[in-house]
Amino acid sequence: MLVTISQYRPAHLTLIALNTAGRRLWKQEVAANLNRTITHSGQFLVEYVTSGAQLNIHTLIWNGRAETTQEIPGRLLARNEAALLFNTENELNPYEAAQLTFTRFTPATATRTGLTYRVPTRPGCGDPQLDVSDGDPLRLTGRYVDALRQDRCGPFVDRFDWTGANDAALVYPRPRP
């Protein structure tokens with residue numbers, strides 16, 4: 001299998017996938033600029049940026065066999081052997097303090113699952129705010145999304161397991177840096 005990517009002019013991306021005999025499996029043209037390519041567990045991902053009123057990042061996913069691709073509006077944030085985690089927000093927008101929204105893609109079944117995590121308020125501590133004292137208010141691994149937050153009672157972490165069905169957060173205090 002071969003995927004060719006050409007961008008002869010700005011904001012015009014052409015992708016073509018060929019099988020080993022040279023037969024075209026698919027061709028896709030997008031009004032966008034190439035951001036990056038990624039391979040993961042037999043999947044080929046092309047991340048591209050569209051522009052207009054704002055910049056948006058999208059990802060095309062191809063399993064190496066199909067004659068079509070899937071598109072996910074978002075950027076790959078984390079991955080493990082079984083699944084990929086994408087944001088669903090524009091890169092220019094800040095993370096929401098009280099709610100996080102992602103898309104989980106499972107390559108084995110080619111399914112997408114929308115994930116919405118609500119950051120709980122701690123009793124008597126007020127509304128949660130982003131904790132940017134240590135940089136990015138999110139930490140991501142192949143299993144967890146750690147939302148770094150603060151409120152009147154101090155910094156804390158809400159941990160969500162993005163690989164499972166349970167959307168309840170494990171909340172624990174975060175020591176000040």
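The values are calculated or read from the model by the stated rules, or taken from the named source; none is laboratory data. Please read these numbers as outputs of a predicted model, since none were measured by experiment. Here the Cβ positions follow ideal geometry from the backbone for every residue, glycine too, while neighbour counts run over all protein chains shown. When the accessible area is computed, the model is the full protein with side chains, heavy atoms only, and any ligands, DNA or RNA have been set aside. Shrake-Rupley method; radii C 1.70, N 1.55, O 1.52, S 1.80 Å.
Just to verify a number: what accessible area does Leu15 come out at with the full protein assembly present, 1.4 Å probe, Å² rounded to tens?
0
Between Gly64, Gly74, Gly135, which gets the highest mean-square fluctuation from a Gaussian network model of the chain, Cα cutoff 10 Å?
Gly135
Where is the GNM fluctuation largest for the chain (alpha-carbon springs, 10 angstrom cutoff): Ala66, Ala98, Ala21?
Ala21
In the chain, what percent of the accessible surface is made up of carbon and sulfur (1.4 Å probe, ligands and nucleic acids excluded)? If you can, show how the numbers build up before the last one.
Details: 4790 of 9630 Å².
Accessible surface attributable to carbon and sulfur in the chain totals 50 percent.
Counting only GluC sites (Glu not before Pro) that sit in a DSSP loop (anything but H, G, I, E, B) with at most 16 other Cβ atoms within 10 Å, what is the longest stretch of the chain containing none of them? Numbers along the way, then the final one.
Working: sites that count: Glu67, Glu81, Glu91, Glu96.
It runs 97-177.
Note down the relative contact order for region 103-177 as a percent, whole number, built from C-alpha pairs under 8 angstrom at least six residues apart. Could you put the intermediate results ahead of the total?
Numbers: 120 pairs, mean separation 17.4, N = 75.
About 23 percent, as a whole number.
Only Cα pairs under 8 Å and at least 6 apart count here; give the relative contact order of region 8-97 as a rounded whole percent. Could you put the intermediate results ahead of the total?
Numbers: 161 pairs, mean separation 15.5, N = 90.
Relative contact order here is 17 percent.
State whether region 1-60 is rounded, prolate or oblate according to the following rule on the C-alpha gyration tensor (a ≥ b ≥ c being the square roots of its eigenvalues): a/c under 1.5 gives rounded; otherwise a/b larger than b/c gives prolate, and the remaining case gives oblate.
Note, shape of region 1-60 comes out oblate.
Kirkwood hydrodynamic radius (Cα pairs, Å) of region 1-153? Numbers along the way, then the final one.
Values: mean 1/r = 0.0577 Å⁻¹.
It works out to 17.3 Å.
Give me the 1.4 Å probe accessible area per residue for region 61-177, excluding ligands and nucleic acids, in Å².
On the way: 6260 Å² over 117 residues.
For region 61-177, the solvent-accessible area averages 53 Å² per residue.
Using only the Cα atoms of region 48-127, what semi-axes does the equivalent ellipsoid have when each is the square root of 5 times a gyration tensor eigenvalue? Give whole Å, largest first.
On the way: eigenvalues 161, 64, 12 Å².
Values for region 48-127, descending: 28, 18, 8 Å.
Could you please state, rounded to a whole Å, how far the C-alpha centre of region 125-177 is from the C-alpha centre of region 34-74?
Computed from Cα coordinates, the inter-centre distance equals 28 Å.
Please compute the contact order of the chain in relative form: average sequence separation of alpha-carbon pairs under 8 Å and at least six residues apart, divided by the residue count, as a percent.
On the way: 377 pairs, mean separation 18.6, N = 177.
Normalised by residue count, the contact order of the chain is 10 percent.
GNM, the chain, Cα, under 10 Å: largest mean-square fluctuation among Arg23, Arg79, Arg149?
Of Arg23, Arg79, Arg149, the Gaussian network model singles out Arg23 as fluctuating most.
Among Thr101, Thr59, what's the order by accessible area (1.4 angstrom probe), most exposed first? Before the final figure, lay out each step's value.
Working: Thr101 45, Thr59 0 Å².
Result, largest first: Thr101, Thr59.
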